[in-house]
1. Inside region 136-232, counting only strands (runs of 3 or more DSSP E) that do not spill past its ends, which hold 2 or more residues that are within 16 Å of ligand 2 (Cβ to nearest atom)?
2. Can you find even one residue in region 144-153 that is within 16 Å of ligand 1 (Cβ to nearest atom), more than 24 Å from the chain's Cα centre (by Cα) and not aromatic (Phe, Trp, Tyr)?
3. Taking interchain pairs and intrachain pairs at least six residues apart, which have beta carbon atoms under 8 angstrom, with the first residue in region 233-256 and farther than 15 Å from Trp279 by Cβ and the second of a type in the set (Lys, Arg) and in a loop (DSSP other than H, G, I, E, B)?
4. Quick check on this structure: which one of Val289, Val301, Val380, Val265 is at pLDDT 95 or above, surrounded by 23 or more Cβ atoms within 10 Å (Cβ to Cβ) and over 30 Å from Ser164 (Cα atoms)?
5. Across region 1-44, which residue is farthest from Ile256 (Cα to Cα) among those that are surrounded by 13 or more Cβ atoms within 10 Å (Cβ to Cβ) and of a type in the set (D, E, K, R)?
6. Ile344 versus (1) exposed (fewer than 13 other Cβ atoms within 10 Å of the Cβ); (2) in contact with a Ser or Thr (Cβ under 7 Å, 6 or more places away or on another chain): which is the lone unmet condition?
7. Quickly run through region 59-85 and pick out the residues that are surrounded by fewer than 19 Cβ atoms within 10 Å (Cβ to Cβ) and within 16 Å of ligand 1 (Cβ to nearest atom).
8. Of all residues in region 335-364, how many are within 20 Å of Gln258 (Cβ to Cβ) and either under 21 Å from the mean Cα position of the chain (by Cα) or among the β-branched types (Val, Ile, Thr) (or both)?
Amino acid sequence: DPYADDPPRHPALKVNSQKPFNAEPPSQILAENYITPSAFFFKRNHLPVPKVDPSTYQLEIHGLPKGPVSLSLMDLKSRFPKHTVTATLQCAGNRRMEMNQVKQVKGLSWGIAAIGNATWAGARLRDVLLEVGCKPGSNFQHVVFEGLDRDVTGTAYEASIPISKAMSEEGDVLLAYEMNGEELPRDHGFPVRVVVPGIVGARNVKWLAKIVLSEEESSSHWQQNDYKGFSPGTDWDTVDYKSAPAIQELPVQSAITQPAEGSVVDLSQGVLTVKGYAWSGGGREVIRVDVSLDGGKTWQVATLRGEEEGQEAAPSPPLGRAWAWKLWELTVALPAEAQELEIICKAVDSSYNVQPDTMGPIWNLRGILGNAWHRVKITVRK
Ligand code: MTE
Ligand code: MO
């Protein structure tokens, strides 16, 4: 069993697939912690978790004018400043379950919790590439990351990002060796993973083995034949993976984590608190979350909560570098009589991008990029 060496996991996780291990936390916990505890952070593995000896670990960098370079974990920790970034990581398949309800899609049935917000620390990829002789403005267009996890044929997980993101002073791309102040847990890429803030989870390669500077994008399955968006009219007979670009920045997203679907509340409690998360890709800051209790007829603006515990207004990150989510909350008076309520949330980002109202028009065969208004039905009773 290639999975026999996988690490232990928290029993509260909702398991989507055991081998490879894919799981998300109960969604209510997301809005209870600005920083998602590592044990509850969603785990998305395509392959068995590799067991890496940190004392012999070497990161290879290929495609440099002067030939390949190899760095140990100690090199990464001692030769480069430690940089800390709080960034949200979201799987492209987050909320696939809702898209699947429109029409069947192929993929793991994620709820709304294939997303988490963590504090990552490590060497900046930019610092490492500059030191090993990668010059800004050289021919390379892409930085390819290869993992240590391999399938039965020996193919490793691999993905790439544009060189502009990798080398940008404002890109904050990390070769991370810490998550939430501790060494990376095995499920999250021990001893080193790439953290590409604002970019789809799939490019944040775990158990990083090799970096290749390249004129081409990664040729891997995950870059070329997966993690691309298509029209609702495209099916498995007509799909041409070459016709769409690989996903990098994700669209604006939000979801309700409280109350839970189907909950029953007592009219006598008078008020109801609605909570959730909101985030956008590419460093675009969420500037507003609207909440409706009547299926979208009327709206109220939620309070956004940033990093500072108990602080009402979130502190604004530098423009274009809003990597972390905003938690939001709204307490509203319950309607005067008992009834069913449809609660909806939708977020707006700093480019005034909004979420579509339903999943139908953004449906795609892989069930990715699902960012429609999130809806939760509850019952108010006498
Ligand atoms: N890196 C490797 N080496 N192998 C993988 O299977 N999965 C990717 C990415 N990096 C993956 C990987 C995907 S699709 C996602 S969404 C994120 O890791 C999930 O990161 P997490 O498990 O730390 O939440
Ligand atoms: Mo993913």
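1. Values: elements: 142-150, 156-162, 174-179, 193-195, 208-214.
Here the list reads 142-150, 156-162, 193-195.
2. Applying the first criterion (within 16 Å of ligand 1 (Cβ to nearest atom)) to region 144-153 yields 144-153.
Now drop any that are not more than 24 Å from the chain's Cα centre (by Cα), which leaves 152-153.
Remaining after also requiring not aromatic (Phe, Trp, Tyr): 152-153.
Among the residues of region 144-153, at least one is within 16 Å of ligand 1 (Cβ to nearest atom), more than 24 Å from the chain's Cα centre (by Cα) and not aromatic (Phe, Trp, Tyr), which makes the answer yes.
3. Trp236/Lys106
4. Working: Val301 fails: surrounded by 23 or more Cβ atoms within 10 Å (Cβ to Cβ); Val380 fails: surrounded by 23 or more Cβ atoms within 10 Å (Cβ to Cβ); Val265 fails: surrounded by 23 or more Cβ atoms within 10 Å (Cβ to Cβ).
Going through Val289, Val301, Val380, Val265 in turn, the sole match is Val289.
5. Per the criteria, the residue is Asp6.
6. Here Ile344 clears every test but (1).
7. Matches in region 59-85: Glu60 only.
8. Taking region 335-364 and keeping what is within 20 Å of Gln258 (Cβ to Cβ), we get 335, 339-347, 355.
Among the residues that remain, those that are also either under 21 Å from the mean Cα position of the chain (by Cα) or among the β-branched types (Val, Ile, Thr) (or both) are: 343-347, 355.
Count: 6.
The values are calculated or read from the model by the stated rules, or taken from the named source; none is laboratory data. Worth saying up front: this structure is predicted, and the values here are computed from it rather than measured. No Cβ is skipped: glycine too gets one built from the backbone with ideal geometry, and neighbour counts run over all protein chains shown.
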